[in-house]
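To keep things clear, I will list the structure first and then write my remarks on it.
The values are calculated or read from the model by the stated rules, or taken from the named source; none is laboratory data. Quick caveat: nothing in here was measured; it's all calculated off a predicted structure. No Cβ is skipped: glycine too gets one built from the backbone with ideal geometry, and neighbour counts run over all protein chains shown.
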Amino acid sequence: MKKIALTLMVISVCILVLSGCSKSTINTSLDKEVTLAIGQTVKIPAENFSIKLTDVINESRCPLGVECFRAGDVTCVLEITISGGTETYNLIVSGNTNQVYKSYKLLADVTPYPKEGEKISKDDYRLILTINKS
């Protein structure tokens, strides 16, 4: 009986530890698409460049199934580090967005897209990002 209880406890701890693990830093290169959750960072070591998604705010995109006067947008709060210097940058996304930050072009989209009558949890947001040289 003690063996079974101990085995179940070990399995439970392993499941809890593994379910809480998500890769917080993704190493990649230019021109590669990555998907970030809040708290995750993409690094491009060859460029000494990284972007961390710290928050998603100002969700005003027109929900599916609703006719709106304007399409709306959503803001991704980014912490961008280049050569050791870090600053906050608000990336405003409306559909597939193409913005320039210093010498980098950021192609971005945010999922999920809002649906009428449903609130999106911050944990569900994903920033789909491709970084290029401008």
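Values as computed for the structure displayed
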quantity	calculated
Strands (runs of 3 or more DSSP E) lying entirely in region 84-134 (those with 1 or more residues that are aromatic (Phe, Trp, Tyr) and in contact (Cβ under 8 Å) with a residue 12 or more places away in the chain)	85-93, 97-101, 104-111
Where VAL56 falls short, out of the listed (1) under 12 Å from the mean Cα position of the chain (by Cα); (2) surrounded by fewer than 17 Cβ atoms within 10 Å (Cβ to Cβ)	(2)
Unmet requirement for ASN132, which otherwise passes all of (1) modelled with pLDDT of 95 or more; (2) under 16 Å from the mean Cα position of the chain (by Cα)	(2)
Failed criterion for LYS102 (all others in (1) among the basic types (Lys, Arg); (2) touching a Pro at 6+ places or on another chain (Cβ under 9 Å); (3) on the phi > 0 side of the Ramachandran plot hold)	(2)
Some residue of region 59-74 being in a loop (DSSP other than H, G, I, E, B), on the phi < 0 side of the Ramachandran plot, free of Cβ contacts under 8 Å to residues at least 12 places away in the same chain and among the small types (Gly, Ala, Ser)	no
Looking only at region 29-51, and only at residues there that are part of a loop (DSSP other than H, G, I, E, B) and either closer than 20 Å to SER83 by Cα or basic (Lys, Arg) (or both), the one that is farthest from the chain's Cα centre (by Cα)	ASN48
Residue in region 60-104 that is modelled with the highest pLDDT, counting only those that are charged (D, E, K, R) and loosely packed, with under 15 Cβ neighbours inside 10 Å	GLU87
Close pairs (8 angstrom Cβ cut-off, 6 or more residues apart or separate chains): among the charged types (D, E, K, R) in region 22-37, surrounded by 11 or more Cβ atoms within 10 Å (Cβ to Cβ) and in a loop (DSSP other than H, G, I, E, B) anywhere	LYS23/GLN40
